[in-house]
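Report on the structure given below.
The values are calculated or read from the model by the stated rules, or taken from the named source; none is laboratory data. Note that the structure is predicted; figures quoted are calculated from it, not measured. Positions of Cβ are backbone-derived with ideal geometry, glycine not excepted, and every protein chain shown enters the neighbour counts. For the accessible areas, the whole protein counts, side chains as well, though only heavy atoms, and no ligand, DNA or RNA atoms are used. Shrake-Rupley method; radii C 1.70, N 1.55, O 1.52, S 1.80 Å.
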Amino acid sequence: MSIENTEVNLEIFGTAGLIDLPESQSEGLRISSFPKDVFTVCDDESLVFTTHTVADKDGNQYIVAKDIADILSGDAKARQLYLAMMRTGETFVLSVPAPTPANRKNSWVRSAHDAVQKGMKNYIRVSRFDEAYRTIESQKPFKQPEWPDISLEEMIEQAFDDRFITDSEHPVMKELIGF
């Protein structure tokens, strides 16, 4: 098949030009595990939250009430959430596995928390290596982070927006348990 004289109709592939975000969408905090770039972690313990999260089929993270997490069992992941900042100044919520009696000796969980502790003192970069995370502390001096004046409640609301599962009637809950 020759494509020399074929015109491509781009409309079937997407939309040309910039797309405006609807005004109802707020600028929230991104939720991320360890980013590939250099970042630091806020050492304010009042901004650390241990919870359970689940992801829907599109990968959106939802925070789950404790009783619902018990119903979801392995689908609900125990996570610790921290306020963190990229070297560019972008703040985000760092999500790492929360230590539980079942995973306390897991090398990934231990090394994740070691990385967070190092990130509270310095800018770091974290990568997967063998059976654990490898943390490299930055040797380059970055300016001290200017943390936003934010409460834990505001941090969680900005990160999860309206993605809270509080009962078994929630559509994501039904998706996960097969109804």
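A compact table of results
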item	result
First in region 136-153 and closer than 15 Å to Met120 by Cβ, second anywhere and open to solvent by less than 50 Å² (accessible area, probe 1.4 Å) and part of a helix (DSSP H, G or I), Cβ under 9 Å, 6 or more apart	Glu137/Gly119; Trp147/Leu47
Yes/no for Ala102 being among the small types (Gly, Ala, Ser) and either touching an Asp or Glu at 6+ places or on another chain (Cβ under 9 Å) or part of a loop (DSSP other than H, G, I, E, B) (or both)	yes
Single unsatisfied condition, Leu72 versus (1) farther than 30 Å from Phe142 by Cα; (2) in contact with a strand residue (DSSP E or B) (Cβ under 6 Å, 6 or more places away or on another chain); (3) surrounded by 17 or more Cβ atoms within 10 Å (Cβ to Cβ)	(2)
Residue tally, condition farther than 17 Å from Glu90 by Cβ and in a helix (DSSP H, G or I), over region 128-179	12
Residue match in region 128-144 (condition: touching a helix residue (DSSP H, G or I) at 6+ places or on another chain (Cβ under 7 Å), over 24 Å from Gly28 (Cβ atoms) and surrounded by fewer than 16 Cβ atoms within 10 Å (Cβ to Cβ))	yes
Residue satisfying all of: in region 114-127; part of a helix (DSSP H, G or I) and open to solvent by 30 Å² or more (accessible area, probe 1.4 Å); farthest from Thr40 (Cα to Cα) among these	Asp114
Verdict on Ser33 being on the phi > 0 side of the Ramachandran plot, open to solvent by 50 Å² or more (accessible area, probe 1.4 Å) and at pLDDT below 95	no
So Val109, is it assigned to a helix (DSSP H, G or I), more than 17 Å from Asp43 (Cα to Cα) and open to solvent by less than 100 Å² (accessible area, probe 1.4 Å)	yes
